[in-house]
Structures are given as C-alpha cells and as structure tokens.
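This report refers to the structure that appears directly beneath it.
The values are calculated or read from the model by the stated rules, or taken from the named source; none is laboratory data. Being a predicted model, the structure only gives us computed values, none of them experimental. Neighbour counts are summed over all protein chains in view; Cβ atoms, including those assigned to glycine, are modelled from backbone coordinates with ideal geometry. Calculation scope for accessible area: heavy atoms of the full protein, side chains included, ligands and nucleic acids excluded. Shrake-Rupley method; radii C 1.70, N 1.55, O 1.52, S 1.80 Å.
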Amino acid sequence: DVHLFQFNPCGEYWYDIVSERTRARWQLLAPQRAEHAETGNPLLASWGTLGRNGLELLLDRDGGELRQCFREPVQEGVLGELQRDILWLETPAASRLLAPQDHGLVFAEAHSELREVEALQDQLLHLLATLPGLQPRDITVMAPDIGAYGGLINAVFAKSRQDPRHIPFSIADRDASAGNAVVQSFLHLLGLPESRFAASAVLALLGVPALGARFDIDAEVLESVRARVRDSGIRWGLDGRRGAPGAPGPMRNSWRFGLERMLLGVALDEGAVFEGATPFEAGGQDSIEEIGRLAEFIERLAHYAGTLAAPRAMDDWIALLRQLIADFYADTPESAADLAELYAAIAALGARLDEAGYRDTLTREVLLDMLQQELADAEASHQFLRGGINFCQLTPLRSIPFRVVCLLGMNAEAFPRNTLAPAFDLMAREPRHGDPSRRDDDRYLFLEALLSARDCFYISYVARDERSNEARERAVPVSELRDYIDRHWAAAPDDSPASAALTRRHRLKPFHPAYFEAGGTLFSYRHEWLPAARAGAAPLPFCPEALPGRAVEELALPELLRFFRNPCQGFFNIRLDVRFGEAEEMATDNEPFALDGLTAWALRDEMLAT
C-alpha cells in the first residue's frame, strides 16, 4: 500500500479560486470570465497557486480513498484569526478590533542585516521569558539565504553558557564547504596545475592552521615568512621555465629564484653575488629552519602540480587524493572533523561512480567539478532539530509546526526569489499546471510558514538604508499580508493602520535611548549599551579636558574634503597632531616593471649611505 500525505492549507474546495490581481485582469480582458471567478480568501488565492495546482492534479486522478484531517487553530488574536480565515476560505465582512497586547504577529523593520539579528535575539529572549513553557527547540528562524546570515547569527547568538542571554542554536542548510578553510584549501590544491602560484595565494594556504601545522609553520613564523617572501622579490610562478606549473614568468620574481636567494644567504657572506643572484640575509638558526620548511612546502606544491595534471581512473584518484591529504594536513583534534569530511566526500564520489558502472579515466577538471558538487551537497541538515533554536533555509516541505516561526530578510530583492529561464526552456514559454515555478514556490513557502506558527509569527526585513536612511521595499507577500490586516482590522483608540500597531521600527543603533525607556514598544536585553544610551540622553563632552591644537585660519578645499571623508582621522591629525602609520601590506602578486618613486628614493638613499 502507498500512503501519500499532502499538505492542504484549506478545508474547503478552493481549487477554482483566483487572486484579486488575476480577477482584475480578467475584468479588462474577459469580463464574462471574471463574473464567475471567485477570490475566496485573498491571501490563499495569491500565495497558494503552487499547492492549488498540485492538489488539483492529484484529485483529477482517482487514486483510491481520500481522507482529510484538519484541526482548527486554537490561539486567539490576529494570528489565529488569519489561520482560521485561510482554513475555512473566509474573508471577514466586518472590521475586527486589534487587541492592545496582541504579539502573535510582529513586523520588525531594521536598518541592516546585523540589526535584524540583534532585534531578533531581543524578541526571542522576551518570548522565552513571557510565553509559558516555551523552549528554544520550539523556535525556528528561516531566511531565503541563511548563508548570508550565518556569520551574523554566530556573532550575536554565540554567548558563553554563563551569559544569561545564552540560547542554544544550530544553523542548518548551509553549504558544508562554505567558510571551511580546510575544504577550501583542499580544492585550491586540486587546482595547482592551472595555478599562477601568486605569492599571496601560496601564503594563504600556509595560513590554514591544519596545513601550517603539517610544516611546523604557526602564525608567528608565518609573519616572518611573509616578510622574507616580500623582501626576496617573490611575486608569482614556480620558476622561469616555459611550460612549468604556474605559466612562464621572469625568473627573478619566481619562487625558485627567491628560495635560491634565501638559501644563498645561508651559504654565502653578505655582499657576494652568485650567478646574478645576491644572497638574502638568512639570520639565525631559527630563520634557517624556517627557510627549510618553506622550501619543503614549495617543493611539495611543485610535485603535485605536475602529478595532478594527468588523467587516471577513479581508484587511482582516490589513492592520490588521500596521499595529498596526508602530505599537506596535520591530523589534529581541531582538524579531525574537517579531514573526515574530505575523506567521506572522496569515498562517496567513488561509490557513486561504482554504482553507475563507470570505469574509464577521469580528467582532473571533471573530478574537481564533481568533488565540489559533492561537498556542496553535503549540507549540514543534521544540524536541524538539535534541541536549540533552528536556523535554516526557507525550504519546501518544511512545514513543521513550531510555537514561534521567524522569517529574516523579507525584502523585495530577496523574496520571492526569481530566476531567468533560458531561451530554450519550453516549460517557461508555455507553462502548465504542475510545472516548477520559483516565485510560486516561495509564495507557498510563506503560506506554510504562516500556518506553521502556533504562538508567534515574526517577520523581519531591512526597511531603511543604514547610510542614507532611504526606504527599501519589503517583499510582496509581506505587503499583501499588511494590506489584508489593514483592511479587516482596526487599531484602537486611534485610526492608525492595524499593521502599524504590529510593527517594531528599530533604531539604527542598539544604544538608542528608546530601547531603555519604561513602557516603550522597543526593548533591549543588552545591558552593555545602557551607559551609552544614558550618555545619548544627556550628551557628555567628547574630551573632558581642553586639548592642545593648532588654530586653523585658512582651510583648503581638499583638506576640508579629507576631513569629512574620515572625521575621526582628521581629529587625530589636526587637533592632536597624531598620525598612525599604515600597516605594511603584502607585496603585490605582479612583478615590478619599473621602480616607483618611493622605491627609487629608498634605493638611492641606501646607495648614498653605502
């Protein structure tokens, strides 16, 4: 027996309803057709196209016994009434009165993604403190692109267990290789045959802790290595041979030439010249060992740059990739999980090819593409339902009921997501019921999220630009929901729109005094901002004592512009006469074709002193 469970948002027959927009278009183009068109519930008609078409196709096939199981929402307030309207395909005739303390539906407007996450944390702390029996596992937070919020979520929610604001959480549906330094460096190593061997890229590999530990190069040693690479003139390319890995380049700016200068500094006295190369000062015993470890690393890169270029069978690739991991990565407790992930992806790719019966050779390019896909598909779905707050993607078939459902990033440019169909896509040219549609899919996801919330439905979006304060458009489904609430609810005692009473307009800064006023609609659990909020209410002088400074009688326009581009720097430079030196940057990846002014002056100054 086959049992098919299908999500159905409405208990009535709703398969012939159309949206208000479609009905208005029919009134202009086909008035007779519009006379018999019914809207039912406007929200269901607008958001439920995908589910309506699927259920209609399903009911057209006589597949056996059909059972329906619906349960009417029990919660009160605007959220429960919205869900009941959709369930029974109703549109309220009379205006309803919005309860003063109705927090079942919340719109949150912020100035940036960071302020969205900060406001979300305060809202969740408030709900955990006020809703009886609410646990972090009863909360889910979804976004159209959860990867864009991953770093912000970790920065805001990652508190120590001793912090009273600590809430356990997990982030699911992220690309397993995104942000994973070991995986990214491994993929970079697989691209060695086509690598340019730029100085910055090679040193970035040594910056990966697991890889640096394999060659005994920690963060302190790496800074010394950076200085040696820069001063020895290394820019790109392994050597000057044509056809060598890294493409042909000038010998004097290659890795081999720079390493020869470092090794000559160990063997020869300062000032000597050997075959056109001047020795680079080596330093003490520790410096000599650093040069040796760097030379070993470069030699290993050169070996695999040639070895990885040849096609081979999958079994040979598996053996080679495992040897590459062993040669470049130290198996430490910190890197064990990442290395296990690499081994698992390699084994899964081999098993997939065995299952397909493929025995021919594979080029490195094809293998790299397949391995990237394998690692990208290894989404961390096991992080879902781990006991804390569930941060995840807006994913189809994830209509799991939670007491609190939150949506982040509900802006027009992000949701509903839109994809341009290729010119050869005949399904997009003549769509039929059941064809995939990203926009209809996202609208249906929004409907599922609304119906899945039991106590609170929280919708957050960036309403203002954080620099210009210019208004930004919210997602169309959010605007439709607000219009529906304004049409059928009234906020007492004034005549303001009901959706405005449900909206929390957050300030640009978290230390705004409005967050710490008693009885206000905005609140904050960030006690560290309280002194700044009090200072904002009663401004304090920036510097309590008089500071020395030169009087400015005449001011050139470029100097004025320079001040307004960076007022803080201008204050230090003009008022305090303090200038901070720029950090010395890594040498460029391109060989120098001519001396710039500063380098030429330094060379002449050194020659004159000599």
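Looking at the stretch 66-76, is at least one residue surrounded by 13 or more Cβ atoms within 10 Å (Cβ to Cβ), touching a helix residue (DSSP H, G or I) at 6+ places or on another chain (Cβ under 8 Å) and not in a loop (DSSP other than H, G, I, E, B)?
Scanning the stretch 66-76, I find no residue that is surrounded by 13 or more Cβ atoms within 10 Å (Cβ to Cβ), touching a helix residue (DSSP H, G or I) at 6+ places or on another chain (Cβ under 8 Å) and not in a loop (DSSP other than H, G, I, E, B), so the answer is no.
So, of the residues in the stretch 483-523 that are in contact with a strand residue (DSSP E or B) (Cβ under 7 Å, 6 or more places away or on another chain) and among the charged types (D, E, K, R), which turns out to be most open to solvent (accessible area, probe 1.4 Å)?
505
Taking the stated definitions as given, is residue 494 out of contact with any Ser or Thr (no Cβ under 7 Å at 6 or more places or on another chain), within 30 Å of residue 98 (Cβ to Cβ), modelled with pLDDT of 90 or more and of a type in the set (D, E, K, R)?
Working: out of contact with any Ser or Thr (no Cβ under 7 Å at 6 or more places or on another chain): yes; within 30 Å of residue 98 (Cβ to Cβ): yes; modelled with pLDDT of 90 or more: no; of a type in the set (D, E, K, R): yes.
In short, no.
What do you reckon, is residue 466 within 22 Å of the chain's Cα centre (by Cα), open to solvent by 70 Å² or more (accessible area, probe 1.4 Å) and modelled with pLDDT of 85 or more?
yes
Quick one: in the stretch 435-451, of everything that is over 25 Å from the mean Cα position of the chain (by Cα) and either under 30 Å from residue 81 (Cα atoms) or acidic (Asp, Glu) (or both), which residue is surrounded by the fewest Cβ atoms within 10 Å (Cβ to Cβ)?
Among those residues, the one meeting the criterion is 435.
On the basis of being of a type in the set (A, V, I, L, M), open to solvent by 50 Å² or more (accessible area, probe 1.4 Å) and either modelled with pLDDT under 75 or in contact with a Gly (Cβ under 8 Å, 6 or more places away or on another chain) (or both), does residue 267 make the cut?
Against the criterion (of a type in the set (A, V, I, L, M), open to solvent by 50 Å² or more (accessible area, probe 1.4 Å) and either modelled with pLDDT under 75 or in contact with a Gly (Cβ under 8 Å, 6 or more places away or on another chain) (or both)), residue 267 qualifies.
Which residue pairs have Cβ atoms under 8 Å apart, sit 6 or more places apart or on different chains, and have a first residue in the stretch 405-424 that is open to solvent by 80 Å² or more (accessible area, probe 1.4 Å) and a second that is assigned to a loop (DSSP other than H, G, I, E, B)?
As it stands, the answer is 413/473, since those pairs meet every condition given.
Are there any helices (runs of 4 or more DSSP H) wholly within the stretch 294-383 with 2 or more residues that are small (Gly, Ala, Ser), and if so which?
Numbers: elements: 314-328, 336-356, 364-377.
By residue number, 314-328, 336-356.
Assigned to a loop (DSSP other than H, G, I, E, B), of a type in the set (Val, Ile, Thr) and surrounded by 16 or more Cβ atoms within 10 Å (Cβ to Cβ) - does that describe any residue in the stretch 41-62?
Within the stretch 41-62, none of the residues are assigned to a loop (DSSP other than H, G, I, E, B), of a type in the set (Val, Ile, Thr) and surrounded by 16 or more Cβ atoms within 10 Å (Cβ to Cβ).
Could you tell me which residue of the stretch 3-51 is nearest to residue 92 (Cα to Cα), considering only residues that are of a type in the set (Asp, Glu) and without any contact (Cβ under 8 Å) to a residue 24 or more places away in the chain? Before you say what the answer is, go through the steps one by one.
Of the residues in the stretch 3-51, the ones of a type in the set (Asp, Glu) are 12, 16, 20, 35, 38.
Among the residues that remain, those that are also without any contact (Cβ under 8 Å) to a residue 24 or more places away in the chain are: 16, 35, 38.
Details: 16: 20, 35: 21, 38: 15 Å.
Looking at the filtered set, the residue picked out is 38.
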